[in-house]
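To start, the structure itself, in structure tokens.
The values are calculated or read from the model by the stated rules, or taken from the named source; none is laboratory data. In this text the structure is predicted, and so the values were computed from the model without any measurement. Backbone-built Cβ (ideal geometry, glycine too); neighbour counts: all protein chains shown. Accessible surface is based on the protein model in full, side chains and every heavy atom, while ligands, DNA and RNA are left aside. Shrake-Rupley method; radii C 1.70, N 1.55, O 1.52, S 1.80 Å.
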Amino acid sequence: MGDLVYDVIVVGARCAGSPLAMLLSRQGHRVLVVDRASFPSDSVSTHYIHQAGLLKLKEWGLLDEIVGAGTPALRTMHYAYRGIELNGFAEPVDGVDAVYCPRRTVLDEILVNAARRAGAEVLEGFTLTDLVFDGDRVVGIRGREGDGPEREFRSTVVVGADGFHSTVAKRTGAELYNVRPAAGFIYYSYYTGLEDWGLHHKTGMNERWFGTWPTNDGLQMLATICTRRQLKEFRQDVEGRFQAVFDDVSPEMGVQLRDQGRRVEDFKPMRYPDNYYRRAYGPGWALVGDAGYHKDPYTGWGITDAFLHGQLLADRLHQGLAGERPMEEALAEYNKLRDEESGDVYDFTTTLGELTELPPFFRATMSAMSATQEWTDRMLGLIGGIVEGYEIYAPDALERLYDSAGVPQDQRIYDPAG
Ligand SMILES: Cc1cc2nc3c(=O)[nH]c(=O)nc-3n(C[C@H](O)[C@H](O)[C@H](O)COP(=O)(O)OP(=O)(O)OC[C@H]3O[C@@H](n4cnc5c(N)ncnc54)[C@H](O)[C@@H]3O)c2cc1C
């Protein structure tokens, strides 16, 4: 093993790959990160980062760069789900008193540069074509820059941070589990001319949703999500159907969009792949970000999870590389923690992403929370990953919630399955 060049090779240099490369390099490990893209580079993804993700950026010393790039600070959220409204903002944590929606051209470049500054070697425009195996152990990668000759790099561990079409996952045969069918599709674009709408996340009564987020360069990003059965009709008249979602979910905002909004870029569409987990490690390899775990973008948790799981994996790779514990044991723990810590968001996302009537427990509790500012803000904190589930859903908390909203005893639901 003495001829290994790198400790870790990371394939994919966006939200999952670059933070991982940065963290490992800061620990003194030799890291190569490759991506077929060249940065700044756009990606089909909207831009919402939850407070839990912003706290990671702050801890890593990168939040100021997001703010410095002119990304607007948002301090009010307007959530609505089939008639239940939550308007407010979570209690600030560790000085994070706003949320941000940086364009991926802005965010991903900041992340790649941070990895490079930390000492990682970054190879842009490099496409991975295959993994190098020694028996069943992954020992490196093969690929090429543009039309250049094939090159090979070796490492102790190869990490696939290469998104939901992950070549690393395919070549290692990482098995899928807890797969749930995708519910919808999205169209989004950028607008000028609108009043300062702020952040809206609104699901109407007809399996339609829209979101609005102010982002860089004075632009508002507007997005719609509908369930798959509406796709054929939507494709026949994208401009008209996009407008119709706003008209349907919030007629006043629909009027403003029609009268004042000016779209300045092409629509970006995406029909979602199914929701899934993949086994996150094996001999000489690991997966992070969408490569190993993907869910409906409805709750906007992909970027935040990529940060959280990038940190989880970096910590355990470090333990393995430093000889503090066997690598296999460290990576098994990463897999376990990733699944445990993301389980609630996965359930919440795949339930709400259906855009249909809420299960009775969620309807009862969300209605009760919408009755007072204190509980609204607590729920917004839960959505943002800075309030623990038990602070709302433990039996005594539920009792206080229902009391505060004056919910009659016979309408109180305590069992999520009830
Ligand atoms: C329409 C849509 C909207 C979304 N909106 C949000 C949102 O508002 N908030 C949020 O948190 N999440 C959102 N998400 C989810 C979020 O985009 C992803 O979870 C996140 O980008 C995952 O990051 P990643 O680094 O794992 O993968 P990716 O961002 O997919 O990056 C993978 C990288 O790997 C590279 N790569 C792939 N294959 C190869 C190869 N063979 N060789 C070299 N390089 C390769 C690619 O070029 C790419 O740069 C959205 C997703 C979609 C589809």
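Of Asp196, Asp162, which residue is among the acidic types (Asp, Glu), within 13 Å of the ligand (Cβ to nearest atom) and either within 22 Å of Thr46 (Cα to Cα) or buried (at least 19 other Cβ atoms within 10 Å of the Cβ) (or both)?
Answer to the check: Asp162.
Could you please tell me which pairs satisfy a Cβ distance under 6 Å, a separation of 6+ or placement on different chains, a first residue in region 395-418 that is open to solvent by 30 Å² or more (accessible area, probe 1.4 Å), and a second residue that is among the small types (Gly, Ala, Ser) and assigned to a helix (DSSP H, G or I)?
Hits for this filter: Ala405/Ala368; Ile413/Ala364.
Before we move on, is Asp35 open to solvent by 30 Å² or more (accessible area, probe 1.4 Å), touching a residue at least 24 places away in the same chain (Cβ under 8 Å) and in contact with an Asp or Glu (Cβ under 9 Å, 6 or more places away or on another chain)?
Working: open to solvent by 30 Å² or more (accessible area, probe 1.4 Å): no; touching a residue at least 24 places away in the same chain (Cβ under 8 Å): yes; in contact with an Asp or Glu (Cβ under 9 Å, 6 or more places away or on another chain): yes.
In short, no.
Need the failing condition index for Glu91 against (1) part of a loop (DSSP other than H, G, I, E, B); (2) more than 16 Å from Gly384 (Cα to Cα); (3) not hydroxyl-bearing (Ser, Thr, Tyr), just the number.
Of the numbered conditions (1) part of a loop (DSSP other than H, G, I, E, B); (2) more than 16 Å from Gly384 (Cα to Cα); (3) not hydroxyl-bearing (Ser, Thr, Tyr), the odd one out for Glu91 is (2).
Tell me, which strands (runs of 3 or more DSSP E) wholly within region 206-309 include 3 or more residues that are open to solvent by less than 30 Å² (accessible area, probe 1.4 Å) and in contact (Cβ under 8 Å) with a residue 12 or more places away in the chain?
Those strands (runs of 3 or more DSSP E) span 208-214, 220-227, 275-278, 285-287.
Before we move on, is Leu55 in contact (Cβ under 8 Å) with a residue 24 or more places away in the chain and within 12 Å of the ligand (Cβ to nearest atom)? It would help to see each step written out before you state the result.
Working: in contact (Cβ under 8 Å) with a residue 24 or more places away in the chain: yes; within 12 Å of the ligand (Cβ to nearest atom): no.
Against the criterion (in contact (Cβ under 8 Å) with a residue 24 or more places away in the chain and within 12 Å of the ligand (Cβ to nearest atom)), Leu55 does not qualify.
Mind listing just one residue for me: the one in region 116-150 that is assigned to a loop (DSSP other than H, G, I, E, B) and farther than 17 Å from Gly12 by Cβ and, of those, most open to solvent (accessible area, probe 1.4 Å)? I'd like the intermediate steps shown before the answer.
Quick first cut of region 116-150, residues assigned to a loop (DSSP other than H, G, I, E, B) only: 119-120, 125, 135-136, 146-150.
Those still in the list that are farther than 17 Å from Gly12 by Cβ too: 119, 135-136, 146-150.
On the way: Gly119: 57, Gly135: 69, Asp136: 116, Gly146: 54, Asp147: 159, Gly148: 23, Pro149: 100, Glu150: 98 Å².
Checking each candidate, the answer is Asp147.
Could you please give the count of residues in region 17-32 that are closer than 29 Å to Tyr298 by Cα and open to solvent by 10 Å² or more (accessible area, probe 1.4 Å)? Outline the logic, then answer.
In the first step, residues of region 17-32 are kept if they are closer than 29 Å to Tyr298 by Cα; the result is 17-23.
Then drop every residue that is not open to solvent by 10 Å² or more (accessible area, probe 1.4 Å), which leaves 23.
Number satisfying all stated conditions: 1.
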